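The structure appears below as structure tokens.
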Amino acid sequence: MLTNVTKWGNSLGLRIPRAIANKVGIHEGTPIDISVQDHHIVIRKGYSLQSLLDQVTPENIHEETLTGSARGKEFW
């Protein structure tokens with residue numbers, strides 16, 4: 001799908017067509033990560049801490065892991 005970059009204040013803006021937004025599950029206010037890889041702009045759906053915590057259930061939570069006795073000045 002072809003779209004155009006437009007001026008938005010001192011920055012540039014890119015509109016995400018509704019069909020694409022719906023397909024990847026983004027809406028107004030969704031955090032987005034923008035990066036550059038090999039001279040390409042990469043746009044990824046970002047995640048908030050709350051959206052990650054919302055996915056924790058009693059079935060997928062991990063139990064404590066013992067890592068051995070303390071070394072140095074740790075205490076527990």
May I ask you to compute the full-extension gain from residue 21 to residue 59, defined as 0.36 nm times their residue separation minus their alpha-carbon distance, rounded to one decimal in nm? 10.6 nm
Dipole of the chain (Lys/Arg Cβ +1, Asp/Glu Cβ -1, origin at the Cα centre): which of 68, 31, 49 lies farthest to the positive side? 31
Divide by every residue of the chain the summed helix terms, -39500 (n - 2.57) for each DSSP H run of at least 4, and state the resulting mean residue ellipticity at 222 nm, rounded to the nearest 500 deg cm²/dmol. -3500 deg cm²/dmol
Could you provide, to the nearest whole Å², the per residue accessible area of the chain with probe 1.4 Å? 104
Could you grab the relative contact order for the chain? Cα pairs under 8 Å, six or more apart, rounded to a whole percent. 14
If you work out Cα Rg over 2.2 N^0.38 Å from the coordinates, which of [x] 1.39; [y] 1.81; [z] 1.07 do you get? [y]
Based on the Cβ-Cβ distance of residue 42 and residue 6, what FRET efficiency does E = 1/(1 + (r/R0)^6) give at R0 = 25 Å, to the nearest 0.05? 0.80
State to the nearest 20 debye the size of the charge dipole of the chain about its Cα centre, where the only charges are +1 on K and R beta carbons and -1 on D and E beta carbons. 500
Cα-based shape type of segment 30-69, given that a ≥ b ≥ c are square roots of the gyration tensor eigenvalues and the cut on a/c is 1.5: oblate
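The values are calculated or read from the model by the stated rules, or taken from the named source; none is laboratory data. Bear in mind that the values here come from a model prediction, so they are computed numbers and not experimental data. Positions of Cβ are backbone-derived with ideal geometry, glycine not excepted, and every protein chain shown enters the neighbour counts. The accessibility values were calculated without ligands, DNA or RNA, using every heavy atom of the protein model including side chains. Shrake-Rupley method; radii C 1.70, N 1.55, O 1.52, S 1.80 Å.
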